[in-house]
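Please treat every number below as a calculation from the coordinates, not as lab data. Here the structure is a predicted model, which is why all the values come from computation and not from measurement. All Cβ positions, glycine included, derive from the backbone under ideal geometry; neighbour counts span all protein chains shown.
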Amino acid sequence: MNRLNPDLPPCTVRAHQLKALVLDWAGTTVDFGSVAPARTLQQAFAHFGIPVTDAEVRRDMGLAKRDHIGRILSAPRVREAWCGLRGVLPTPNDVDAVYEVFIPLQLSCLAEYSTLIPGVAAAVDRARQRGLKIGSTTGYTRAMLDLLVENSAKAGFRPDCNVSPDDVESARPAPFMLYENAVRLQVFPLGAVAKIGDTPADIQEGLNAGAWTIGVAATGNGIGLSQPEFRALPPTDQRSRVAAARAQLEQAGAHYVIDTLADVDAVLDEIDAQLAA
């Protein structure tokens, strides 16, 4: 059978300007340095007698939390430590056991780490003035996300749509949370959406959906410190941490990398110019 119009690609709906931003939470909009999940994961593993390093818990940050725990348990050093302590390699049941300990620990302290990162509320207000809708995705559970949404609303940050891994069958790096945002926000094509986050998992989620991707380097997982801790570093150490975070996001395939969400306006201008052209 011959195609009626062989010159047209399968996707014929073009985006002419951005219609929506889909934002990550910890490390992008709240919780400078993405401290809450890292410290809580360390506490959960310590409960089982397995100390894990900051680097080990941050390697796969951004995934749904059960998947994240599974990745940590599958790391050779952690797997061997688990086996050395228990005489058997970790199983999916062990992933569930660590996850069950993690959930109440994270819920108990999440409000403490829900402070908006400076400049976020103003940046979102400017995005709305451009006519953009605001969605969000996360690696947190629905209960954790609801807590963040409630606290952030009091500080003036209210996304139009909030999707957690509980709302879809497959979370990051799969694109389905982003697709669900598009459905709820009623925006298409995905080329009119920009996904913004601080982890490679955020970038992969956006790329897999066919969206623009913007990495956030100076406030998130790649920094790994609270804002006071980061500010206490010598300037050379600050610059080296930000450079390493930028490199990680660029390697993940981000279209753009910015320091903080407050810096996003110039990137949005450039994306709109490219779409218009």
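Worth a mention:
- Scaling against 2.2 N^0.38 Å puts the C-alpha radius of gyration of the chain at 1.04.
- Note on region 211-272: percent of Cα-Cα distances in each 5 Å bin, starting at 0 and stopping at the bin with the largest distance, equals 4, 19, 27, 23, 15, 9, 4, 0.
- Near-label residues of region 212-228 by backbone N, under 18 Å of a point 7 Å along Cα→Cβ of Ala243: 217-219, 222-224
- Annotation: extensible slack from Asp269 through Ala55 equals 73.5 nm (criterion: 0.36 nm per residue apart, minus Cα-Cα distance).
- Dipole magnitude for region 37-111: about 120 debye, using +1 per Lys or Arg Cβ and -1 per Asp or Glu Cβ, origin at the Cα centre.
- Relative contact order (%) - criterion: Cα under 8 Å, at least six apart; region: the chain: 26
- Region 37-111, relative contact order in percent, only Cα pairs under 8 angstrom and at least six apart counted: 34
- Counting 0.36 nm for each residue step from Ser108 to Asp166 and taking away their Cα separation leaves a gain of 18.9 nm.
- Ordering of 61-69, 25-33 by packing [mean C-beta count within 10 Å, highest first]: 25-33, 61-69
- Each label was represented as a point 7 Å from its Cα along the Cα-to-Cβ direction; for Thr91 and Ala276 these points are 6.1 nm apart.
- Three-way shape label, region 86-198, alpha-carbon gyration tensor, a/c 1.5: oblate
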